[in-house]
């Protein structure tokens, strides 16, 4: 994990105790931090299991049409992470019209229907790319979003990057998507250790890159590569985040929606009435504070 951060998703019911414990540990860490998120969906899934028995999710392939067809049809209602209700704390946090008015879900639905969806990894890439909270502040985000479905059909190749890097990017259909992609590129050209590469990536991402830092990179690459990294870094997503527990929760919520929809929806409604939060909340860390603690 290039950020030296540990992200832990925990059930909502016992989440506060665990988050407080993680905060205590983090205060003593010299490097990195632990971020714990309280997720209602974990409790909701367990509540469904109490009514229907355990569901053998592993027996259903990630690429099964039972899962993928929902996304192909743009039917993301009550699918974790893809459906973001406008009353979630996360939606309220983002200073974006698309989250405030709830239109983010129609935008995602339309985006999914507009393209061929090859597999589950393709869905995770889409989730990483389609972030309308950045459209208001990062104009390049629209280009970033629009090029992905084209790249899936036509392929994509960075002429200024090495053949080995373009090969590395093939699972992304050739495009840079993740923060780890930026780190990999910097490391391949410079052979810097990964900590230094990631610190450099962070400077690029937050547009705090100094001229002397650019000069450090120019010792290894030409100006075209420098400008490419400066352009791409601010809109990349954390791959470690995408490969954690979230894919399993996306898969489980999609399967329950098909196999036990009535009970799944009932448990969502029941949970929201009992707890006063949205089923779609997943917490958000800002300056070390979880919004689900406020």
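The values are calculated or read from the model by the stated rules, or taken from the named source; none is laboratory data. Small disclaimer: the values here were computed from a predicted structure and weren't measured. Every residue, glycine as well, gets a Cβ built from its backbone with ideal geometry; the counts of neighbours run over all protein chains shown.
Just a few scattered comments:
- Qualifying positions in the stretch 130-164 - surrounded by fewer than 17 Cβ atoms within 10 Å (Cβ to Cβ) and either in contact with a strand residue (DSSP E or B) (Cβ under 8 Å, 6 or more places away or on another chain) or not in a helix (DSSP H, G or I) (or both): 136, 137, 138, 139, 155, 157, 159, 160, 162
- Only residues that are at pLDDT below 80, surrounded by fewer than 19 Cβ atoms within 10 Å (Cβ to Cβ) and in contact with a helix residue (DSSP H, G or I) (Cβ under 9 Å, 6 or more places away or on another chain) were counted in the stretch 251-288, giving 4.
- When the stretch 117-129 is filtered for residues that are in a loop (DSSP other than H, G, I, E, B) and in contact with a helix residue (DSSP H, G or I) (Cβ under 6 Å, 6 or more places away or on another chain), only 117 remains.
- Any hit, the stretch 109-116, residues being closer than 18 Å to residue 83 by Cβ, modelled with pLDDT under 95 and crowded, with 20+ Cβ neighbours inside 10 Å: no
- Of the residues in the stretch 56-71, none is in the same structural domain as residue 127 (by TED's automatic domain parsing), modelled with pLDDT under 95, farther than 18 Å from residue 115 by Cα and surrounded by fewer than 18 Cβ atoms within 10 Å (Cβ to Cβ).
- The stretch 98-120, subset under 25 Å from residue 276 (Cβ atoms) and touching a residue at least 12 places away in the same chain (Cβ under 8 Å), residue farthest from the chain's Cα centre (by Cα): 101
- Test: residue in the stretch 173-180 that is over 23 Å from residue 140 (Cβ atoms) and in contact with a helix residue (DSSP H, G or I) (Cβ under 8 Å, 6 or more places away or on another chain): no
- Remark: residue 169 matches the filter, which requires a residue to be crowded, with 18+ Cβ neighbours inside 10 Å, farther than 29 Å from residue 78 by Cα and free of Cβ contacts under 8 Å to residues at least 40 places away in the same chain.
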